[in-house]
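S.K.: If you scroll down you'll find the structure; I have some questions about it.
Read the figures in this text as sums done on the coordinates, not as results from a lab. All values reported here derive from a predicted model rather than from experimental measurement. Don't worry about glycine lacking a Cβ; one is built from the backbone with ideal geometry, like all the others, and counts go over all protein chains shown.
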Amino acid sequence: MKKGLFSTKSTSQLIAESQDESHGLKRVLSRWALVSLGIGAVIGTGIFVLTGHAAADFAGPAVALSYVLSGLGCLFAGLCYAEYAAAIPIAGSAYTYSYATLGELVAWLIGWDLILEYLFAAATVAVGWSKHFIPFMKDCFGVQLPEQWCRAPLDYIDGHITHTANYVNIPAILLIWAVTWLLVVGIKESASFNNVMVAIKVVIILMIIGLGWGYVNSANLTPFIPENTGEFGKFGWSGVLKGSAVIFFAYIGFDAVSTAAQETKNPQKDMFWGMIGSLAVCAVLFVAVSIVLCGMVNYKELHVDAPVVYALEKVAGDSLKWLRMAVEVAVLAGLSSVILVLLMGQPRVFFSMAKDGLLPPVFAKVHPKYGTPHITTIATGLVCSMLAGFLPLNLLGELVSIGTLMAFSVVCIGIIVLRKTKPDMPRPYRTPWVPLVPLLGAGICVLQACSLPADTWIRLFVWMAIGLVIYFFYGIKHSKLRKEP
């Protein structure tokens, strides 16, 4: 019988795949390693840069509420991810879950969409890392790196791509190559590196909160929600909403934990704690930093490149000047771990798609010694390095948030479908209050996506159209599910 575009994988097939150890991936990750991976993926420049911009331009001190709103959307989505990851502990994240609930075509589109979240986001973060690395080398070591070799040759201004006098972003490329090599060598080694980076940035963030709290002026937090200017998104409650969509980028990456399901010792129990635990830690840190930051200086002053450093130096003068270096170290460590987790996630999505026949078999090969999907990891690293080396930050970041919001929305809706279509499927963990939690998760994500500019939606549709062409020319002909009797 010929299967259609919306055919799903059977429960028995999914369980068999989750129990099959012949995939070659090594189960070495513990519960705490997953929590660390989640924190490593989430805490990057968002907490140090986006907080100030969102406060100054959209929400004022209520940027803390923006973080809560975005965090709730991610929490609801995370609860849905946790049910999937426990019941279907297979690499592939939202792609695999969509295949189980909404069918092959939707699964392909989500797999294609995840490239925006993982690969494009990793390139975006690498460009951001390079921007911080240049002043770090100058301030700390007196080394002035040549700008032309640390910036992209293209820029994106007012919707147009323009040429610059720069050649290529060498620091971003070298960082991605180094992380790619680490990911090829082994998931355990990668997790150990991530643990060190996470420890560094969390300790420094706690120092910022602790030292900054003593300089908080309650007058700077009043009014907590500034009056709307008459324009949607410019303060007031609409500003809180717009701010939540902007700082949503700060939460991106926690779902990458689910891509490591086949490398986790006890995925049925530990996936929940890995995703929800890391989200909870990050949300508390985000809210605390935003309140301290807006309490130290008036929110209108925070539209600067380094708002945390600016606020600390303004209220404490030279007494906390040493903290600038600490913040830069935290930023570099934070971004390094974000890139590592994102570049870990993308090859495992490709791995699952190749296992299903939707991508060439070479994407499913695992290194005989290291137990990692080395070919897809290297290919992902090379493409990511080229994007980071030649394209500007603002162009790369255009699609990341909307791609992630769409993936989260589909995962949430998929839980409701799965409960209806496969009610007897074994579920070590069950999302609470279905359909309320999935509907809230999808609703918040869609609401945030709708507040993004129209041209961002147009680019998303173009990207999806490219994905459809690839699917109908290759995937549909090689799909293993469609070839089954």
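S.K.: Could you give the nm distance between label points at Arg27 and Val446, where each point is 7 Å from its Cα heading toward the beta carbon?
M.R.: 3.8
S.K.: Okay, moving on. Given +1 on the Cβ of Lys and Arg, -1 on the Cβ of Asp and Glu, and no further charges, what dipole in debye does the stretch 27-483 carry about its Cα centre, rounded to the nearest 20?
M.R.: It comes to approximately 1500 debye.
S.K.: For the chain, just list the percent of Cα-Cα distances falling in each 10 Å bin from zero outward, please.
M.R.: Going out from 0 Å in 10 Å bins, the chain shows 4, 20, 31, 27, 13, 4, 0, 0 percent.
S.K.: Please give the helix 31-42 orientation as an angle from the longest Cα principal axis of the chain, in degrees from 0 to 90, rounded to the nearest 10.
M.R.: Here the helix axis deviates by roughly 60 degrees.
S.K.: I would also like to ask the following. Taking the beta-carbon count within 10 Å as an exposure proxy, list Asp424, Asp455 from fewest neighbours to most.
M.R.: Arranged by neighbour count, lowest to highest, Asp424, Asp455 become Asp424, Asp455.
S.K.: Moving on to the next point. Determine, for each peptide in 462-470, 433-441, the mean count of other beta carbons within 10 angstrom over its residues, then list the peptides with the highest first.
M.R.: Sorting 462-470, 433-441 by mean packing, highest first, produces 433-441, 462-470.
S.K.: Rank the residues Ile225, Ile47 as a footprinting-exposure proxy: fewest other Cβ atoms within 10 Å of their Cβ go first.
M.R.: Ile225, Ile47
S.K.: While we're here: Could you work out how far helix 236-247 tilts from the main Cα principal axis of the chain, as a 0 to 90 degree angle to the nearest 10?
M.R.: 60
S.K.: In straight Cα distance, which lysines are under 24 Å from Lys321, not counting same-chain residues fewer than 8 positions off?
M.R.: Within the straight-line cut-off, Lys321 pairs with Lys131, Lys138, Lys201, Lys300.
S.K.: Same structure again: State, as an integer percentage, the relative contact order of the chain based on alpha-carbon contacts under 8 Å between residues 6 or more apart.
M.R.: 34
S.K.: For Leu468 and Leu436, calculate 0.36 nm times their separation in residues minus their Cα-Cα distance, and state this gained length in nm to one decimal.
M.R.: Contour length minus the Cα-Cα distance gives 8.3 nm.
S.K.: Another one. Picking from Asn217, Ile247, Ala94, whose Cα lies most toward the positive end of the charge dipole for the chain (charges on Cβ: Lys, Arg +1; Asp, Glu -1)?
M.R.: The Cα lying farthest towards the positive end belongs to Ala94.
S.K.: Could you tell me how many degrees, from 0 to 90 and to the nearest 10, lie between the Cα long axis of helix 454-470 and the main elongation axis, the longest principal axis, of the Cα atoms of the chain?
M.R.: Its long axis makes an angle of about 30 degrees.
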